[in-house]
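Bear in mind these aren't lab numbers, they're just calculated from the coordinates by the rules spelled out. What you see is a predicted model, and the numbers here were worked out from it, not measured in a lab. Neighbour counts are summed over all protein chains in view; Cβ atoms, including those assigned to glycine, are modelled from backbone coordinates with ideal geometry.
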Amino acid sequence: MKSLLKLFAVTGLILTGFAASAQQAKKAPASPPDTVKATTKSGVAIEVAYSQPAVKGRTIGTDIAPYGKVWRTGANNATTITFSKDVKVEGKALAAGQYAIYSIPGEKEWVIIFNKGVKNWGTKYEESDDVLRVTVKTGVMKDFVERLKFMIEPSGKVGFAWGDKMVMFAVK
């Protein structure tokens, strides 16, 4: 009888442990993944895959995504952008393919970096893998955006909104 009681007790502990770990697994990630896809009027299919960090009361440029330093432009794995055809980004040639997007935030301008490190964890950045850098003006959002949000316009404008920042670059 004691053996049977011990078996029930051990089984109960194991089942409780599985239930607890299953509940933890259901928790939403801190920076949920997202993907945006669109085809521009010029016929270029563009896809951006990224994770969405939240501002959480922090200040962009000081507390997060510090001005003047390379930032992974997202969270978790490297944010990637894929072009179905050769394109020009802000007038500079870029071959069709997939690239990691890094950036250097600035108060008035952001540098957008297209990098070969598409399989990297987001914080692993190698400048030697840069393929193209373009500088664009920093815009201001009318409405605050808590989670990083990428967008692709039919005109070929690609960019993201985060906090009170808007960063867009032209793809043709």
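Quick notes on this one:
- Integer Hz, Karplus 6.51/-1.76/1.60 couplings in order for region 165-172, x for Gly and Pro: 9, 9, 10, 10, 9, 8, 10, 10
- If R0 is taken as 22 Å, the Cβ-Cβ distance between Lys41 and Glu90 corresponds to a FRET efficiency of 0.80.
- Cα-Cα over 18 Å, subset of Lys92/Lys157; Lys92/Lys137; Lys119/Lys165; Lys116/Lys149: Lys119/Lys165; Lys116/Lys149
- Across region 67-78, coupling constants 3J(HN,Hα) worked out from phi with the 6.51/-1.76/1.60 Karplus curve, θ = phi - 60°, read 4, x, 10, 4, 10, 6, 6, x, 9, 6, 5, 4 Hz, and Gly and Pro carry x.
- Seen from Leu148, the other residues with C-beta closer than 15 Å to its C-beta sum to a net charge of +1, counting Lys and Arg as +1 and Asp and Glu as -1.
- Size of electric dipole in region 36-172: Cβ of Lys, Arg +1 and of Asp, Glu -1, about Cα centre, debye, nearest 20: 200 debye
- FRET efficiency, 1/(1 + (r/R0)^6) with R0 41 Å, evaluated for Ala30 and Ser155 via beta carbons: 0.80
- Positive-end extreme of charge dipole, region 121-160 - chosen from Phe150, Leu132, Trp121 (charges on Cβ): Phe150
- For the pair Glu109 and Met141, the difference between a 0.36 nm per residue extended length and the Cα-Cα distance amounts to 10.1 nm.
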